[in-house]
1. Computed over the Cα atoms of the chain, what is the convex hull's projected area averaged over all directions, in nm²?
2. Each residue of region 81-96 in order: what ³J(HN,Hα) in whole Hz does its phi give by Karplus 6.51 cos²θ - 1.76 cosθ + 1.60, θ = phi - 60°, with x for Gly and Pro?
3. Run the numbers on region 57-239 and let me know its relative contact order in percent, using alpha-carbon pairs under 8 Å that are six or more apart.
4. What is the diffusion coefficient of region 37-123 in µm²/s, taking the Kirkwood radius over Cα pairs and the Stokes-Einstein relation at 25 °C with a viscosity of 0.890 mPa s?
5. Rounded if a/c is under 1.5, else prolate if a/b is larger than b/c, else oblate: which is region 1-56, with a ≥ b ≥ c the root eigenvalues of its Cα gyration tensor?
6. For the chain, build the charge dipole from Cβ charges (+1 Lys, Arg; -1 Asp, Glu) around the Cα centre, then report which of 114, 154, 29 sits farthest towards its positive end.
7. What's the magnitude of the charge dipole for the chain around its Cα centre, counting Lys and Arg as +1 and Asp and Glu as -1 at the beta-carbon? Answer in Debye, nearest 20.
8. Only four residue types carry charge here, +1 at the Cβ of Lys and Arg and -1 at the Cβ of Asp and Glu. Report the dipole size of region 1-133 about the Cα centre in Debye, rounded to the nearest 20.
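FYI, it's all coordinate maths here, none of it is from the lab. These numbers were taken from a predicted model, which means no experiment stands behind them. Using ideal geometry, Cβ is built from the backbone for each residue, glycine included, and neighbour counts are taken over all protein chains shown.
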Amino acid sequence: MSNTFINLREICDRFKLPPGEYVIIPSTFEPHKKGSFLLRVFAEKHAATSPMEEDISVEVDEPDITEGDVDPYFKRLFLQIAGSDSEVSAYELQKILNRVVTQRSHVKTDGFSLETCRHIISLLDMDGNAKLGLVEFHTVWTKIQKYLEIFKSHDSDNSGTMSTHEMRGALTEAGFQLNSEVLQLIVSRYANSEYSMDFDCFMGCLIRLEMLFKMFKTLDKHDSGKIELDALQWVCLGLN
């Protein structure tokens, strides 16, 4: 560390340290601001360096729900929403979710995109008809409530949005252990120009992560942590 914490482009210092393992933590002058670093270490003797990263993993609780477990009031509400076919399409789901989140004044949202709603259905559609039945819709509703509580609890400044600093803890609580490389990709894909995301982007990110881990687990037949794909599988995954 430098003797004085100052906002300079280049900082150089010399240390005499006993043998051991050390952690070097770069930081920006202003807290939680994005920054780029070039870090060079010169040592008299060979010193091994590597990023401190954990393996990526997921532990998301999947509720085991049958139609008999669904509350009668929820059933009546679902039938009113679903219409004559008793199923919810991506278009109907989009209308429902946008109606729900606009009533929550403590979260900001631009509205759920049709793409996000299709991802939700793709994740939970068990019979492959691109629609959600009663049990599947109940699972969606449970996930939304869970992720909404996580979003609120990690919005420490009550801005109604999730900053990149707040996002790491929120993703961990949701069950996703991710490294810095994946987190940077998430920020690039889902955050706005101020490096924050509203609730619909946060929800879309979590659903997408669930889908990716689920597809990988399905293809990893031997639980080896690696998969091989032919051209057809790759195209199908990309279009999913």
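1. Mean shadow area of the hull around the Cα atoms is 18.3 nm².
2. 6, 6, x, 5, 8, 6, 9, 10, 8, 4, 5, 5, 5, 4, 5, 5
3. 23
4. Details: Rh = 18.1 Å.
Reported coefficient: 136 µm²/s.
5. Details: a/c = 2.15, a/b = 1.20, b/c = 1.79.
Oblate shape, in that a/c is at least 1.5 and b/c is the bigger or equal ratio.
6. The Cα lying farthest towards the positive end belongs to 29.
7. Dipole of the chain, to the nearest 20 debye: 780 debye.
8. 1000
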